[in-house]
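Just so it is clear, none of the values below were taken in a lab; they were calculated from the coordinates. The model shown is predicted, which means the values in this text are computed figures rather than measured ones. Cβ coordinates were reconstructed from backbone atoms using ideal geometry, including for glycine residues, and neighbour counts include every protein chain displayed.
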Amino acid sequence: MKIGVLASQGAFIEHITILKQLDTEAVPVRLPGELEGLDGLIIPGGESTTISLLMNAYDLMEKVSALALKGLPLLGTCAGMIMMAKHITGNGAPSLELMDITVKRNAFGRQVDSFETELAIPALGKAPFPAVFIRAPVIEHCAKGVETIARLKDGRIVAAREGKMLVAAFHPELTNDTRFHEYFLDIVSGKN
Ligand code: GLN
């Protein structure tokens, strides 16, 4: 199994490190040709406006969209989730418009713009997941066919899945807990 990690900007090295820990081949993707032969693609956190600009500049937007529509499994974390959303409230740069979710950028305001919390994620088992939020978005609405994967205690949705597309508002690559990536790899291999 070979997983690409979009390396235009943001926290891509951390995703590659976790995938290698899970004995999975992981390659950075900066150019369209590097998308060839991938079994899955991760769009990392960072700054969605910058990622959008760079994806456009390097001709990655259309190619990634086309592959996702053909069934390539995608994982988007934080800014990556914003890039995958069909609808973005407030100002956002052009996204890939793949997942039928409405996302609000920088949803936690200035005072608590970064925090860590123990998140219940039933799909990962009983133990809570240490979720790191950094100037994170939230999912304001999931359309029919989109499964809610995790909510904060106040009810706001912070992870979701639609078919082979998985998104999280937090950064699973910044913790030692590999379960979120294992869940994505199970989607890639068809186990889940
Ligand atoms: N605030 C960033 C954005 O709107 C996302 C932050 C992140 O990826 N950690 O793109």
With the contact rule set at Cα under 8 Å and sequence spacing of 6 or more, what percent relative contact order holds for segment 1-100? 27
Along the charge dipole of the chain, pointing to its positive end and built from +1/-1 on Cβ of Lys, Arg, Asp and Glu, which listed residue (GLY33, ALA11, GLY90) has its Cα farthest out? GLY90
Helical mean residue ellipticity (222 nm; -39500 (n - 2.57) per DSSP H run of 4+; nearest 500) of the chain: -7000 deg cm²/dmol
With θ taken as phi - 60° and the coefficients 6.51, -1.76 and 1.60, list the Karplus ³J(HN,Hα) couplings across segment 21-30 in order, rounded to whole Hz; mark glycine and proline as x. 4, 8, 6, 10, 5, 9, 10, x, 10, 10
5 angstrom amide H check on VAL5, placed H, neighbours 5+ away: VAL27, VAL29, ILE42
What residues qualify as long-range amide H neighbours of VAL138, i.e. H under 5 Å apart, gap of 5 or more or another chain, H built at 1.01 Å from N? LYS104, ALA107
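If you average the sequence gap of Cα pairs under 8 Å that are 6 or more apart and divide by the length of the chain, what percent do you get for the contact order? Walk me through the intermediate numbers first.
Values: 421 pairs, mean separation 34.8, N = 192.
That works out to 18 percent.
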Using only the C-alpha atoms of segment 75-145, find the volume of their convex hull and express it per residue in Å³. 96
In sequence order, what are the phi-derived ³J(HN,Hα) couplings for segment 60-66 according to the Karplus relation 6.51 cos²θ - 1.76 cosθ + 1.60 with θ = phi - 60°, rounded to whole Hz, with x for glycine and proline? 9, 4, 5, 5, 5, 4, 4
Amide H neighbours of MET165 at under 5 Å, excluding residues fewer than 5 places away on the same chain, with H built from the backbone geometry, are LEU74
Sorted peptide list for 99-108, 152-161, criterion being average Cβ within 10 angstrom, highest first: 99-108, 152-161
Rounded to whole Hz and in sequence order, give me ³J(HN,Hα) for segment 69-85 from the Karplus expression 6.51 cos²θ - 1.76 cosθ + 1.60, θ = phi - 60°, writing x for Gly and Pro. 5, 7, x, 5, x, 10, 10, x, 10, 6, 4, x, 5, 4, 5, 8, 6
Gyration tensor (Cα only) of the chain to equivalent ellipsoid, semi-axes in Å sorted down, yields 22, 19, 16
For Cα pairs less than 8 Å apart in space and 6+ apart in sequence, what is the mean separation divided by the residue count of segment 44-149, i.e. the relative contact order in percent? 23
